[in-house]
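Step one of this worksheet: look at the structure below.
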Amino acid sequence: MVAYKLINSPTPFRLRGTELNCPIRVSSSSSFSLDLPDGMGGGNGQKAKMAREKNLEKQKAAGKGSQLKTNEKAMSIQCKVCMQAFMCTTSEVKCREHAEAKHPKSDVYACFPHLKK
């Protein structure tokens with residue numbers, strides 16, 4: 001068993017850029033260890049936790065979340081007869097299907113004038 005002597009340093013000890021105000025234990029063979037406070041490890045668990053927190057902050061900063069507002073803005077095609085909105089990526093086939101199913105008496109171009117182009 002190695003006997004340790006506690007040294008309370010008046011100046012804080014620095015470990016990887018972090019100041020540690022903790023006692024240093026020195027053995028008679030000149031090896032030393034630190035009495036680190038709880039949560040001051042440097043293992044893989046600590047690194048993973050820090051990485052998760054960092055990624056969470058990045059996601060919050062990027063504004064990732066619901067896409068409902070973006071989808072609402074994309075509803076730019078509108079049937080002129082019933083005013084139903086369609087996404088801007090809606091194909092001509094889908095527009096024709098809507099016109100034939102919902103407005104059989106109206107012309108396809110009366111519902112969707114942008115198809116005349």
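Criterion first (at pLDDT 90 or above and surrounded by 12 or more Cβ atoms within 10 Å (Cβ to Cβ)) does residue 108 satisfy it? Considered against the rule, which asks whether it is at pLDDT 90 or above and surrounded by 12 or more Cβ atoms within 10 Å (Cβ to Cβ), residue 108 comes out as yes.
Rundown of residues vs (1) exposed (fewer than 10 other Cβ atoms within 10 Å of the Cβ); (2) in the same structural domain as residue 108 (by TED's automatic domain parsing); (3) in contact (Cβ under 8 Å) with a residue 40 or more places away in the chain; (4) of a type in the set (Asp, Glu), yes/no style:
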position: 50; (1), (2), (3), (4): no, no, no, no
position: 56; (1), (2), (3), (4): no, no, no, no
position: 62; (1), (2), (3), (4): yes, no, no, no
position: 77; (1), (2), (3), (4): no, yes, no, no
position: 84; (1), (2), (3), (4): no, yes, no, no
position: 90; (1), (2), (3), (4): no, yes, no, no
position: 96; (1), (2), (3), (4): no, yes, no, no
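The values are calculated or read from the model by the stated rules, or taken from the named source; none is laboratory data. If you're wondering where the values come from, they're calculated on a predicted model, not measured in any experiment. Positions of Cβ are backbone-derived with ideal geometry, glycine not excepted, and every protein chain shown enters the neighbour counts.
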